[in-house]
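A.B. asks: Take this structure first; my questions come after.
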Amino acid sequence: MKYQNKIKQIKTKNKSSWRFSGIFRNILQQYARGEISIRSHICPETDRIVHFRTAQLLRVATGLLYTTTLMIASCSANPKEDDPASGNRLSATPPGDSADLENLLTLSNAERVLGEPGYLKDHSLTVEEDISVYKAAYAAGKDRRAGKRGILYVMVEDYSKVSSAEEVYADIKRANENHSGVKILADLGDEAYFHTDGKNFYFIIARKAGKILRLKINRITSNTSLEEFNRIAREIVASL
């Protein structure tokens, strides 16, 4: 009876683990498809809050997903060939070099856009079988004259399939193309556009093959340089 109860507990844990795993896998898939980022772009006034809640949630989701994977694997008598818990190496190769993604926007370049000294406020890197995503935010001090703080956001996605990047870009463009302040950039990457409301934010999204860059400053201050914003975007796309 004692052993039967123990087996029942293990089965219950496994079922619970799979439920948690499914929930967080859905979150990561929504993020990879760009659904969360579209919402944050459509609502520029809440971009900073949505951005960091998303980053924090993804870090928690990734950690819990990895933990539940290890727990399930430890109860398996025959671990799969590609199971990280078994000590075997994954057969899938990440689509991009994570070190390259993290070096695309430096603090010194971010400060040229902000127009004043800044610091790295937040950053995250997600690597999956079919996509690598790097996100960072550089913040400046509060502009006394404008009463606002400028924050520069960068997000670079590297897809294993060009068609996936094309689909994500098309969805974002379709969601925003009817807004005022949108301008197509025919000479940037394979396809790109610029968007601004003229007082709060600048935004550029560009696709080059299977990679997508999203660069945004929110909010615009008296120190913000649109010229440097455009120049940095072109430098990043050229290096993709």
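A.B. asks: When the stretch 116-131 is examined, which residues are found to be more than 22 Å from Lys211 (Cα to Cα) and part of a strand (DSSP E or B)?
C.D. replies: Correct list: Gly118, Tyr119, Leu120, Lys121.
A.B. asks: A further question follows. Filter the stretch 202-233 for residues that are modelled with pLDDT under 95 and in a strand (DSSP E or B) and give the result.
C.D. replies: If the condition is that a residue be modelled with pLDDT under 95 and in a strand (DSSP E or B), then Asn218 is the only one that fits.
A.B. asks: Which residue pairs have Cβ atoms closer than 7 Å, lie 6 or more positions apart in sequence or on different chains, and pair a first residue in the stretch 117-131 that is without any contact (Cβ under 8 Å) to a residue 12 or more places away in the chain with a second residue that is surrounded by 15 or more Cβ atoms within 10 Å (Cβ to Cβ)?
C.D. replies: No pair meets every condition.
A.B. asks: Something else now. Which of the residues spanning the stretch 138-194 are on the phi > 0 side of the Ramachandran plot and under 23 Å from the mean Cα position of the chain (by Cα)?
C.D. replies: The one that is on the phi > 0 side of the Ramachandran plot and under 23 Å from the mean Cα position of the chain (by Cα): Gly189.
A.B. asks: Are any residues in the stretch 84-115 surrounded by fewer than 18 Cβ atoms within 10 Å (Cβ to Cβ), at pLDDT 50 or above and not in a helix (DSSP H, G or I), and if so, which ones?
C.D. replies: Asp97, Asn103, Thr106, Gly115, listed by residue number.
A.B. asks: Mind listing just one residue for me: the one in the stretch 168-194 that is out of contact with any Leu (no Cβ under 7 Å at 6 or more places or on another chain) and touching a residue at least 40 places away in the same chain (Cβ under 8 Å) and, of those, nearest to Glu129 (Cα to Cα)?
C.D. replies: Step by step, filter the stretch 168-194, then rank; the result is Val168.
A.B. asks: Would you be able to say whether some residue in the stretch 133-145 is surrounded by 14 or more Cβ atoms within 10 Å (Cβ to Cβ) and in a loop (DSSP other than H, G, I, E, B)?
C.D. replies: no
A.B. asks: What pairs come out if I take residues in the stretch 198-213 that are free of Cβ contacts under 8 Å to residues at least 24 places away in the same chain and pair them with residues that are of a type outside the set (S, T, N, Q) whose C-beta lies under 9 Å away, six or more apart or interchain?
C.D. replies: Listed by first residue and then by second, the contacts come to Gly198/Gly181; Gly198/Ile220; Lys199/Arg219; Lys199/Ile220.
A.B. asks: Need the failing condition index for Glu177 against (1) in contact with a helix residue (DSSP H, G or I) (Cβ under 9 Å, 6 or more places away or on another chain); (2) surrounded by fewer than 16 Cβ atoms within 10 Å (Cβ to Cβ), just the number.
C.D. replies: Only one criterion in (1) in contact with a helix residue (DSSP H, G or I) (Cβ under 9 Å, 6 or more places away or on another chain); (2) surrounded by fewer than 16 Cβ atoms within 10 Å (Cβ to Cβ) is unmet by Glu177, namely (1).
A.B. asks: Now for a different question. Regarding Gly198, is this residue closer than 30 Å to Tyr119 by Cα and not in a strand (DSSP E or B)?
C.D. replies: In short, yes.
The values are calculated or read from the model by the stated rules, or taken from the named source; none is laboratory data. Source: prediction; values computed, not measured. Quick reminder, even Gly has a Cβ in these numbers, built from the backbone with ideal geometry, and neighbours come from all protein chains shown.
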